[in-house]
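Right, one structure below, let's go through it.
Values in this text are rule-based calculations from the coordinates and carry no lab data. What you are looking at is a predicted structure, and each value in this text was computed from that prediction instead of being measured. Here the Cβ positions follow ideal geometry from the backbone for every residue, glycine too, while neighbour counts run over all protein chains shown.
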Amino acid sequence: MNRAAGRADLALLAAGLAVSTAGDAAALVALLLRLQPHGTGWVTGLLAAELLPFVLLAPVTGKVIDRVETRRVLLVALTGQAVLCVPLALIGTLWATLCLFAALSALSAFVRPATAALLPAITGEDGAVRGYAWLATGTNLGWIAGPAAGGLLTGAFGPTTAVLVDAATFALLALACTGLAVRRPPARTPAGAAATGRAGGFRILAGDAILRFAIPACAIAVACGVVDNVAAPFRFVDQLGASAAGYGVYLTLWGTGAMVGSQLLPYIGLRGHTALAVGNLVTGAGIAGIGLAPSLTAAFVASALGGAGNGLLNVAQNALISARTSPDRRGRAFAALGAVMQTAIGLGTAAATPLIALLDPDGALVAAGALTAVTATGALLLAGRQDLGKR
């Protein structure tokens with residue numbers, strides 16, 4: 001495929017992801033607002049319905065992505081999501097909302113790793129880092145715009161409209177995928193292939209000398225980031241005296257920092273586990289900085305720093321898996337990555353409340369940031385030693 005077609009495919013996919021991510025965020029806000037009056041149990045159930053399919057379905061999704069032409073996987077999953085959003089919007093019963101949202105997340109468990117596995121086929125192996133940076137920018141733009149849009153749509157027209165808008169964004173992304181010129185053909189394993197050729201995603205990650213240290217480091221960073229999400233409202237509002245608008249500024253700065261950070265990797269000359277460790281270190285410094293900040297302004301600066309590290313980390317993580325796995329195994333590797341990260345989100349959320357009760361919001365943020373930084377440094381040293389040993 002020529003470079004012009006590759007650039008067109010990349011722009012199309014990044015724009016589609018921005019629109020679809022914004023729709024997802026808007027729908028999540030709308031559904032949380034729909035369930036909130038019925039108690040925290042239903043809200044927790046909705047968040048669990050978002051996370052669990054990525055963990056439970058990882059062995060299946062990875063194999064499907066590697067054995068079926070990837071664009072076809074995307075088209076089927078995205079069309080299914082557009083269809084599911086219609087009853088999700090119109091049926092307001094609580095159990096139906098949870099079940100339909102879990103089904104929607106189950107299809108997302110195909111879409112995310114399929115997109116990550118398809119990207120090197122669009123950009124070529126040498127352009128994968130820049131390609132992942134573009135996709136991260138589209139995703140970050142969606143997460144910046146989506147929650148505000150969800151709140152506005154729900155407030156003005158109710159949650160039904162917000163979820164129907166999400167259906168339209170899935171349809172738009174599916175339409176964008178029909179315009180992709182690239183194809184990632186299914187892997188074909190010869191009858192006498194070694195067992196490693198049929199290995200599941202978790203075995204692929206654990207079997208690589210670098211990934212077995214790098215991915216747990218990323219998981220800890222994600223878990224710590226969730227602590228920040230839970231502790232930040234109490235830190236900014238209760239301890240630093242921010243208004244609701246001030247807390248919104250924090251969210252915007254983190255998201256803007258992530259968007260900037262996602263573009264840094266192609267320009268700073270870092271690769272592999274080194275880039276991953278730097279992303280973790282910067283994220284940890286930002287989280288700890290929010291806890292240590294003597295003023296609201298200093299906390300805002302730390303928020304932008306943490307977001308930049310988060311953006312760098314996300315791109316470095318995808319680029320590292322792409323570089324360390326063969327094209328026929330990437331669907332399984334990215335599906336396993338999604339399962340690990342979603343598990344980390346669940347564990348971090350569960351740990352956040354007792355950690356805040358024990359250390360107060362500022363202490364919890366300092367502890368979470370420090371743990372991220374220490375883990376990143378340790379993972380860098382261990383991965384570097386393994387890398388040198390292989391040489």
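The figures follow:
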read-out	value
Cα-based shape type of the stretch 125-185, given that a ≥ b ≥ c are square roots of the gyration tensor eigenvalues and the cut on a/c is 1.5	oblate
Cα gyration tensor shape of the stretch 199-390, rounded if a/c is under 1.5, else prolate or oblate by comparing a/b with b/c	prolate
Residue list for the stretch 48-80, given a label point 7 angstrom along the Cα-to-Cβ vector of CYS99 and an amide N cut-off under 16 Å	49
Listed residues LEU365, LEU164, THR375: farthest to the positive end of the dipole of the chain (Cβ charges)	THR375
Extension gain (nm, one decimal) between TYR267 and ASP238, 0.36 nm per residue minus Cα-Cα	6.5 nm
For Rg and Dmax of the Cα atoms in Å, calculated from these coordinates, the label among [x] 19.5, 60; [y] 31.2, 125; [z] 20.4, 66	[z]
Calculated [θ] (222 nm, deg cm²/dmol) that DSSP helices of n ≥ 4 give over the chain, each run adding -39,500 (n - 2.57)	-29000 deg cm²/dmol
Over the chain, relative contact order from alpha-carbon pairs under 8 Å, at least 6 apart, %	26 percent
Peptides 312-320, 20-28 ordered by average Cβ neighbours within 10 Å, highest first	312-320, 20-28
Inter-part distance where the stretch 83-136 and the stretch 240-280 are each reduced to a Cα centre, Å	22 Å
Förster-model FRET efficiency, 41 Å R0, LEU152 and LEU358, C-beta, rounded to 0.05	0.65
